[in-house]
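**Q** Okay, here's the structure, questions in a sec.
The values are calculated or read from the model by the stated rules, or taken from the named source; none is laboratory data. The structure presented is a predicted model; accordingly, all values stated were derived computationally and were not measured. Note that we place each Cβ from the backbone using ideal geometry, even for glycine, and neighbour counts take in every protein chain shown. Accessible surface is based on the protein model in full, side chains and every heavy atom, while ligands, DNA and RNA are left aside. Shrake-Rupley method; radii C 1.70, N 1.55, O 1.52, S 1.80 Å.
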Amino acid sequence: MAIDEFSSDVHLHLDPLHTKPLDIGTEDFVASIDLSGKLINFGKYHQKQGFAGFTVIKPFEQSDRYSEVEVRKFRKSVANSDGFGPKLEGDITNRECTLIAGSFPKINITNQHRDYAQSISVATQYGIIQQWISNKQHLNWCGNASVQRAAYTQITEGGPLEDIIPNNIIEQTGDSLKITDDNLGCTYVCEQIFLNSTSDNHSKQEFEFYVLHAVSNSTHSAQTDIEQLKSLLNNEGFDALVNRLAHLEDQKLQGTPNDTIYRRGITYAEQVSIPLSDHPDATCILTDHMLLPLSWNRDAYFVARILLDKSSEGKDIVRRHINWMFDVADRGESNEWGRCYLANGKAKDLAYQLDQQFFPILELAEYTLTSGDTKTLNRFANQVDSIIDAVMKRKHENCFLFPTDETPGDDPLEYAYHFSSHILIWHTLKTYAEASGKTDYLTLAENVKKDSLSQFTTSWEGKPIFSYACDTLGNHLLYHDANDVPLALAPEWDFCDARNTTWLNTLDFSFSQANASGIFGRNQLGSVHTKAPWPLGDIQEAIIAKETNNQERFNATVKRINQAAQFDGALPEAYSSDDNSVFSRHWFAWPNAFYCMLINRFGNH
């Protein structure tokens, strides 16, 4: 039997400036493979630590937590990691990489002696099975191997987690390796299986073997998962197993644009949607699985939005994510969501961000309107009322503005009242009123809009514009940021018309050198958080181009987005304006999800 070809197969172009490890996963775990087929990372939900598992990456020094230089250096090193596994010795002179059905890495490498090795990695509910085929009978193993909690390296550290004293115990028996850390509560098991016979390929002798990987972060045994992986191999055979699972992945992508960035958005959205073993009907949506396996309500909303648009399975993930936000994520005595969360619902950072209070309500409302499921909304309706009441307690004494401690980029804010968050509040209250029938929220929405238009309007070069933030005393901050997507969505959300002069003037400022802290390269929108162009900024610009009927600008911006994408379609946080290489964060679910929203609304041509 042979592995089928699928319409969603992705044959990757190996541009050195845009390569990264390849990602693989199921709803239970996410892993990454280096470009020689070796395992870099295998992460799963952990009830106490949020996310933990196997990794080759050395622990991040706790003393460097508040050093932006060291954090960025560490993040970059992760993307360049050599994995753990069989290695074809010598200089690699040729490399070919394919994602079978957009999901399963197939890697072919050849050295200067024309020796070769092929690996195919497939994710199952029990773990990873890798098939290796080589003309070499023995491939030596190399690489670090450990089990660890995720590093959680942040640019704006909100308070490090309690350190865990590592206690990795390594046991090797024959062709099996086991790493256990009782302090962490994590076990990794790897086993190599050789076939008794070799295959004959065009009169060349080939050797075939399998490598099985499993991780357990609970009382469940990783060795039990290894035995289940063996059963899959014995009962189905590898090719049949790959074809069955790849067919399921291929079906998920049918009807989607033949666009690598778009399809990466859908595939990765499912991979970072992590179910909780101790809360069977709850799912956490992570911002990524390698650098920051944490959840921000803001990022998660956009990931949930594309899942909601895609399929009944996607809608159910969103329903379970709503359960996670309202039932699991800790809001404390103040009844307010924190900045970000571990997957187990424990707040990692407690900083108050206004927009984070409303994205969950918007997700609930849009889920209700899209799915027709009113049961979930009715279940959480009282919580929504109490969350909005908590926001109202912070209301300005003379107007319907609400303060925030940080920007949507996790950065401090000079003035407490933030414009784009109020656009979001307006849209959320309107949408929730429609979904719930609670028309009182329409009145609140109109008051928020009226006072926002009054308080945030100022002037630039003699023209009216909306400020980024204000203090309601006449002081304004002129700035715009790639994280502040509600400004670009203001016409889409009916906050203002696309011909609104003040909105258009604000955009002229935002995409000019006058926006000194937010513009980089060739008038490309970025952020003070990471000083370079951001794909989130480009996607904003593409939306604006469509809203203003500027097809030339739209085409040029979409081209720039494609140039910034990595070879598997993953969009980074930020990229170099010189050569489009990754400047920050090779893994980031939000920009691909936002790109999917762009294409769903406007198309890509």
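**Q** When the residues of region 98-137 are filtered to those that are among the small types (Gly, Ala, Ser), assigned to a loop (DSSP other than H, G, I, E, B) and in contact with a strand residue (DSSP E or B) (Cβ under 8 Å, 6 or more places away or on another chain), which remaining residue is surrounded by the most Cβ atoms within 10 Å (Cβ to Cβ)? Give the steps one after another, and end with the answer.
**A** The initial filter retains those residues of region 98-137 that are among the small types (Gly, Ala, Ser), namely 101-103, 117, 119, 121, 123, 127, 134.
Next cut, assigned to a loop (DSSP other than H, G, I, E, B) only: 101-103, 127.
Right, trim to in contact with a strand residue (DSSP E or B) (Cβ under 8 Å, 6 or more places away or on another chain) and you get 102-103, 127.
Working: 102: 24, 103: 29, 127: 26.
Step by step, filter region 98-137, then rank; the result is 103.
**Q** Residue 48 - would you say it is in contact (Cβ under 8 Å) with a residue 12 or more places away in the chain, in a loop (DSSP other than H, G, I, E, B) and more than 30 Å from residue 220 (Cα to Cα)?
**A** Values: in contact (Cβ under 8 Å) with a residue 12 or more places away in the chain: yes; in a loop (DSSP other than H, G, I, E, B): yes; more than 30 Å from residue 220 (Cα to Cα): no.
Answer is no for this residue.
**Q** Restricting attention to region 394-407, which residues are more than 30 Å from residue 370 (Cβ to Cβ) and surrounded by 21 or more Cβ atoms within 10 Å (Cβ to Cβ)?
**A** Correct list: 401 only.
**Q** Now a separate question. Can you tell me which condition residue 561 does not meet? The list is (1) open to solvent by less than 10 Å² (accessible area, probe 1.4 Å); (2) within 30 Å of residue 476 (Cα to Cα), and all the others hold.
**A** (2)
**Q** Please go through region 465-477 and give me each residue that is touching a residue at least 24 places away in the same chain (Cβ under 8 Å) and in a loop (DSSP other than H, G, I, E, B), ordered by number.
**A** 467, 468, 471, 472, 475
**Q** Somewhere in region 433-452, is a residue within 18 Å of residue 488 (Cβ to Cβ) and in contact (Cβ under 8 Å) with a residue 24 or more places away in the chain?
**A** Applying the first criterion (within 18 Å of residue 488 (Cβ to Cβ)) to region 433-452 yields 449, 452.
This time we only want the ones that are in contact (Cβ under 8 Å) with a residue 24 or more places away in the chain, so: 449, 452.
Checked against the condition, which is being within 18 Å of residue 488 (Cβ to Cβ) and in contact (Cβ under 8 Å) with a residue 24 or more places away in the chain, region 433-452 yields at least one hit.
**Q** What pairs come out if I take residues in region 138-150 that are part of a loop (DSSP other than H, G, I, E, B) and pair them with residues that are of a type in the set (D, E, K, R) and open to solvent by less than 40 Å² (accessible area, probe 1.4 Å) whose C-beta lies under 9 Å away, six or more apart or interchain?
**A** Taking only residues 6 or more apart or on different chains, the pairs are 143/34; 143/38.
**Q** Sticking with this structure for a sec: So, in region 350-393, how many residues would count as being out of contact with any helix residue (DSSP H, G or I) (no Cβ under 7 Å at 6 or more places or on another chain), of a type in the set (S, T, N, Q) and either within 30 Å of residue 153 (Cα to Cα) or not in a helix (DSSP H, G or I) (or both)?
**A** Result for region 350-393: 1.
**Q** Please work out which residue is farthest from residue 432 (Cα to Cα), limiting yourself to region 361-393 and to residues that are of a type in the set (Asp, Glu) and open to solvent by less than 50 Å² (accessible area, probe 1.4 Å). Walk me through how you get there before you give the answer.
**A** From region 361-393, those of a type in the set (Asp, Glu) are 363, 366, 373, 385, 389; that's our starting set.
With the extra rule that they be open to solvent by less than 50 Å² (accessible area, probe 1.4 Å), the set shrinks to 363, 366, 373, 385.
On the way: 363: 9, 366: 8, 373: 14, 385: 11 Å.
Ranking the candidates gives 373 first.
**Q** Condition test on residue 504, is it in a strand (DSSP E or B), farther than 19 Å from residue 262 by Cβ and without any contact (Cβ under 8 Å) to a residue 60 or more places away in the chain?
**A** Values: in a strand (DSSP E or B): no; farther than 19 Å from residue 262 by Cβ: yes; without any contact (Cβ under 8 Å) to a residue 60 or more places away in the chain: yes.
No.
**Q** Any residue at all in region 517-524 that's surrounded by fewer than 24 Cβ atoms within 10 Å (Cβ to Cβ) and of a type in the set (D, E, K, R)?
**A** Checking region 517-524: at least one residue is surrounded by fewer than 24 Cβ atoms within 10 Å (Cβ to Cβ) and of a type in the set (D, E, K, R).
**Q** If you go through region 478-490, how many residues are open to solvent by less than 20 Å² (accessible area, probe 1.4 Å) and in a loop (DSSP other than H, G, I, E, B)? Steps first, answer last, please.
**A** Of region 478-490, the ones open to solvent by less than 20 Å² (accessible area, probe 1.4 Å) are 480-490.
After this cut, where a residue has to be in a loop (DSSP other than H, G, I, E, B) as well, the list is 480-484, 489-490.
Of the residues in region 478-490, 7 are open to solvent by less than 20 Å² (accessible area, probe 1.4 Å) and in a loop (DSSP other than H, G, I, E, B).
**Q** Something else: Taking only pairs six or more apart or across chains, which ones have beta-carbon atoms under 6 Å, a first residue in region 340-362 that is within 15 Å of residue 431 (Cα to Cα) and without any contact (Cβ under 8 Å) to a residue 40 or more places away in the chain, and a second residue that is polar (S, T, N, Q) and buried (at least 23 other Cβ atoms within 10 Å of the Cβ)?
**A** From region 340-362, no pairs qualify.
**Q** Now for a separate question. Determine if region 448-458 includes at least one residue that is among the small types (Gly, Ala, Ser) and within 22 Å of residue 526 (Cα to Cα). Before you say what the answer is, go through the steps one by one.
**A** First pass over region 448-458, keeping only residues among the small types (Gly, Ala, Ser): 452, 454.
Those still in the list that are within 22 Å of residue 526 (Cα to Cα) too: none.
No: zero hits.
**Q** Take residues that are without any contact (Cβ under 8 Å) to a residue 60 or more places away in the chain and open to solvent by 30 Å² or more (accessible area, probe 1.4 Å) and tell me which of the helices (runs of 4 or more DSSP H) falling wholly in region 194-306 contain 1 or more.
**A** Counting at least 1 such residues, we get 222-236, 238-253.
**Q** Taking region 314-349 only, how many residues are assigned to a loop (DSSP other than H, G, I, E, B), open to solvent by 10 Å² or more (accessible area, probe 1.4 Å) and over 22 Å from residue 389 (Cβ atoms)?
**A** Residues that pass the stated criteria total 2.
**Q** Something else: Within region 195-229, take every residue that is modelled with pLDDT under 90 and not hydroxyl-bearing (Ser, Thr, Tyr) and give me the one that is farthest from residue 150 (Cα to Cα).
**A** Of everything passing the filter in region 195-229, 202 is farthest from residue 150 (Cα to Cα).
Residue-wise test of (1) surrounded by 16 or more Cβ atoms within 10 Å (Cβ to Cβ); (2) not charged (D, E, K, R).
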position: 437; (1), (2): no, yes
position: 461; (1), (2): no, no
position: 464; (1), (2): no, yes
position: 468; (1), (2): yes, yes
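**Q** So how many residues does region 408-435 have that are in contact with a His (Cβ under 7 Å, 6 or more places away or on another chain) and open to solvent by 10 Å² or more (accessible area, probe 1.4 Å)?
**A** Filtering region 408-435 down to residues in contact with a His (Cβ under 7 Å, 6 or more places away or on another chain) leaves 409-411.
Subset that is open to solvent by 10 Å² or more (accessible area, probe 1.4 Å): 410-411.
Residues meeting the conditions: 2.
**Q** Looking at (1) surrounded by fewer than 22 Cβ atoms within 10 Å (Cβ to Cβ); (2) in contact with a helix residue (DSSP H, G or I) (Cβ under 8 Å, 6 or more places away or on another chain), which one does residue 91 not meet, given that it meets all the others?
**A** It is condition (2) that residue 91 fails.
Yes/no per residue for (1) in contact (Cβ under 8 Å) with a residue 60 or more places away in the chain; (2) within 27 Å of residue 350 (Cβ to Cβ); (3) in contact with a Cys (Cβ under 9 Å, 6 or more places away or on another chain); (4) of a type outside the set (A, V, I, L, M):
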| position | (1), (2), (3), (4) |
| --- | --- |
| 386 | no, yes, no, yes |
| 405 | no, yes, no, yes |
| 410 | yes, yes, yes, yes |
| 414 | yes, yes, no, yes |
| 462 | no, no, no, yes |
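**Q** Failed condition for residue 140, given (1) at positive phi; (2) out of contact with any Ser or Thr (no Cβ under 9 Å at 6 or more places or on another chain); (3) open to solvent by 40 Å² or more (accessible area, probe 1.4 Å); (4) not β-branched (Val, Ile, Thr), with all others met?
**A** Only one criterion in (1) at positive phi; (2) out of contact with any Ser or Thr (no Cβ under 9 Å at 6 or more places or on another chain); (3) open to solvent by 40 Å² or more (accessible area, probe 1.4 Å); (4) not β-branched (Val, Ile, Thr) is unmet by residue 140, namely (1).
**Q** Any residue in region 1-16 that is β-branched (Val, Ile, Thr) sitting within a Cβ distance under 9 Å of a residue that is open to solvent by 50 Å² or more (accessible area, probe 1.4 Å)? List the pairs, counting only those 6 or more apart or interchain.
**A** Every condition considered, the pairs that remain are 3/106; 10/260.
**Q** Return the residues of region 161-178 that are in contact (Cβ under 8 Å) with a residue 12 or more places away in the chain and either open to solvent by 40 Å² or more (accessible area, probe 1.4 Å) or within 30 Å of residue 347 (Cβ to Cβ) (or both); say none if nothing qualifies. Explain how you work it out, then say what you get.
**A** The initial filter retains those residues of region 161-178 that are in contact (Cβ under 8 Å) with a residue 12 or more places away in the chain, namely 161, 163-170, 175-178.
The answer is 161, 163, 164, 165, 166, 167, 168, 169, 170, 175, 178.
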